[in-house]
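Asks: Handing you this structure, nothing more for now.
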2 protein chains.
Amino acid sequence: MTAAVSTTPGSPADGTGAGPEAGSFDFPAYLEATRLQVETALEASLGPERPESLREAMRYSLLAGGKRLRPILCLAACELAGGDSALAMPTALALEMIHTMSLIHDDLPAMDDDDLRRGRPTNHKVYGEAKAILAGDALLTRAFEMVALRSPQVPAEQLLRVVGELSLASGAPGLVGGQVVDLECEGKDVDLDTLEYIHLHKTGALLRACVLSGALIAGAPAALLGALRTYARGIGLAFQIIDDILDVTASSDVLGKTAGKDLTADKTTYPKLLGLEESRQRAEALVAAAKAALEPFAAEGKAAPLLALADYITSRDR
Amino acid sequence: MTAAVSTTPGSPADGTGAGPEAGSFDFPAYLEATRLQVETALEASLGPERPESLREAMRYSLLAGGKRLRPILCLAACELAGGDSALAMPTALALEMIHTMSLIHDDLPAMDDDDLRRGRPTNHKVYGEAKAILAGDALLTRAFEMVALRSPQVPAEQLLRVVGELSLASGAPGLVGGQVVDLECEGKDVDLDTLEYIHLHKTGALLRACVLSGALIAGAPAALLGALRTYARGIGLAFQIIDDILDVTASSDVLGKTAGKDLTADKTTYPKLLGLEESRQRAEALVAAAKAALEPFAAEGKAAPLLALADYITSRDR
């Protein structure tokens, strides 16, 4: 399987290199090491939940693999801001819990009605609708517990700002608002502004919360927070454009979900509005803008992980 | 309609008096004035939500009336702890949002499948299942936004503890955990311990969060927080016993929901396990224990609202 998005020569279409921008930074090693840290911490995060059937449903989706891009973005932003990423780990897990919750609820029969997610039956297919709804609710509230009660050594003022970012990203001003507009637009002709609105809310808001909360935990100054907002907007939209492109060009095997579903549902996508080539160009321009925003903070290679992550997002093939 | 639960002579079976314990405190006036304050604040709380259809679904259930006991408990606990209840209002609204979210999700076809709530069609009956699930999600996240971003003048440390209490009360250790066990027990023989587990989680946890968060905002000492935990446990269980009793004795007209549903669904209730009379006695003993816990803090009539609220809960007829 080749990458759906061709990037500039030297950049890693298969995710095995870090791109020319990252210099001597070993991005694949960083990505894998950080993903493993996140995976281990996620494994340990859902100990005490009761009853067991609820914990099992929560774990089924939370531990279903995936690239863990959101937690990694949070940890990388914390490091860029000069913080100790270990202090940001509980928040990083919280972000993955919120992401997982949104996947579980979006997959429900009343919503996108998906049977497959990451190559496995969706949560409600295994545990039933009631348990899936409740497992989502429990993951969402657990996310706030991670920040408020399981983040030692971080000042309360900073954690409270993180709670604020998480609440905005996961509610009406973020995930939920985007999903509502998305559902309302199904089967309708949608213009580019509306499509962007959907993606900035459905995907962009949580990615923004990832980098902002990581930076907030490190006590980042306003200038860096502003740059990270620009960065998140760029990679958020690019991420979604790539998703649309992959849905057209990749098979279900590679995606681990039902491919071509957007076309079947007569859903508006970037390729449909702009064509494949212009969609690719737009994604690349957004990634370039995202990276440019971080340049003033890129001394001593501190921005290397976030810069490489921006490239990685456009080079992924699933 | 007479009250389903008879209490000691002089206590207000119809909610028009405050009981002997409250002395000269005018409880009905307090209750109505505070309810109106909460109602006005709730009305103003959901301004900026987008899209409009989502805000409408959120408002439909949030502004459906009700006694607003949870916000009032929060404000009253703040006052008992010597705080300014105005500072606790955003948290009081947050608690009502969480309560409303749990009602919306519990009413869904996949869960309790209820058509009526507070005398009106349930949220999913009006807006469809997808919107109802998402309106619930948005109310839950909005609750955390209220505490983290809309509670000026309260120290971050105290607000963070409130976030912690809210997260525990609304997730697996509270509402969600209780609902899961409740659903799993449907149609089964349930013992008293399990029934109590369900109610302590489904109802008790949020009531505890109400009084604890109000007191936390006022900077209450540990001794008072401990007393409020005992108080909340007592009124929480009593509240649920009364609910079970009302389901047996009252009509749908008075309840504003489908009466006798618990019996139809072959659900275990207190009257079923203990009989009506012992259920009533147990509720009264719980209320007495709840009130006794507050005695050490009842100087200068400061506990009058919470003491009267404990009586009110056992004297309500709907």
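Asks: Using a 1.4 Å probe and counting only protein heavy atoms, arrange A:Thr40, B:Thr268 so the residue with the most accessible area comes first. Before the final figure, lay out the partial values.
Replies: Working: A:Thr40 95, B:Thr268 20 Å².
Order by accessible area, largest first: A:Thr40, B:Thr268.
Asks: Given an 8 Å cut-off on Cα distances and at least 6 residues of separation, report the relative contact order of region A:22-310 as a percent.
Replies: About 22 percent, as a whole number.
Asks: Might you report the magnitude of the Cβ-based charge dipole of region A:22-310 about its Cα centre, with Lys and Arg at +1 and Asp and Glu at -1, to the nearest 20 debye?
Replies: Working: 28 positive and 39 negative charges, 130 e Å.
The dipole of region A:22-310 has a size of about 620 debye.
Asks: Now, a different point. Collect residues whose amide H, placed 1.01 Å from N in the peptide plane, falls under 5 Å from the amide H of A:Arg120; neighbours closer than 5 in sequence don't count.
Replies: none
Asks: At 1.4 Å probe size, what's the solvent-accessible area of B:Met89? Round to the nearest 10 Å².
Replies: 30 Å²
Asks: Any chance you could look up the accessible area of A:Ser53 with a 1.4 Å probe, heavy atoms only, rounded to 10 Å²?
Replies: 30 Å²
Asks: First check a/c for the protein assembly as shown, with a ≥ b ≥ c the square roots of the eigenvalues of its C-alpha gyration tensor; if it is under 1.5, answer rounded, and if not, answer prolate when a/b is larger than b/c or oblate otherwise.
Replies: Taking the square roots of the gyration eigenvalues as a ≥ b ≥ c, the protein assembly as shown is prolate.
Asks: Before we go on, tell me the buried accessible area for the B/A pair, both chains summed, 1.4 Å probe, in Å² to the nearest 100.
Replies: 3500 Å²
Asks: When Lys and Arg each count +1 and Asp and Glu each count -1, what net charge do the other residues less than 13 Å away from A:Leu168, Cβ to Cβ, add up to?
Replies: Summing Lys/Arg as +1 and Asp/Glu as -1 gives +3.
Asks: Rounded, prolate or oblate: which fits region A:22-310, taking a ≥ b ≥ c as square roots of the Cα gyration tensor eigenvalues, rounded meaning a/c under 1.5, else prolate when a/b beats b/c?
Replies: Note, shape of region A:22-310 comes out oblate.
Asks: Just name one of B:Phe239, B:Leu206, B:Ala218: the one whose Cα is farthest towards the positive end of the charge dipole of region B:160-255 (beta-carbon charges, Lys/Arg +1, Asp/Glu -1).
Replies: Going by the charge dipole, the pick is B:Ala218.
Asks: Cα gyration tensor of region A:86-215, axes a ≥ b ≥ c as square roots of the eigenvalues: rounded (a/c below 1.5), prolate (a/b > b/c) or oblate?
Replies: oblate
Asks: Now a separate question. Let me have the 222 nm mean residue ellipticity of chain B computed from DSSP H runs of 4+ only, each contributing -39500 (n - 2.57), with the sum over all residues rounded to the nearest 500.
Replies: Roughly -21000 deg cm²/dmol at 222 nm, from the helical runs in chain B.
Asks: Would you list B:Leu207, A:Leu286, B:Leu149 from the most to the least accessible area, probe 1.4 Å?
Replies: Largest accessible area first, the list is B:Leu149, A:Leu286, B:Leu207.
Asks: Quick one: how many Å² of A:Lys267 are accessible to a 1.4 Å probe, rounded to 10?
Replies: Number for this one is 40 Å².
The values are calculated or read from the model by the stated rules, or taken from the named source; none is laboratory data. What you are looking at is a predicted structure, and each value in this text was computed from that prediction instead of being measured. Cβ: placed from backbone, ideal geometry, glycine included. Neighbour counts: every protein chain shown. Keep in mind that these areas ignore ligands, DNA and RNA; they rest on the heavy atoms of the full protein, side chains included. Shrake-Rupley method; radii C 1.70, N 1.55, O 1.52, S 1.80 Å.
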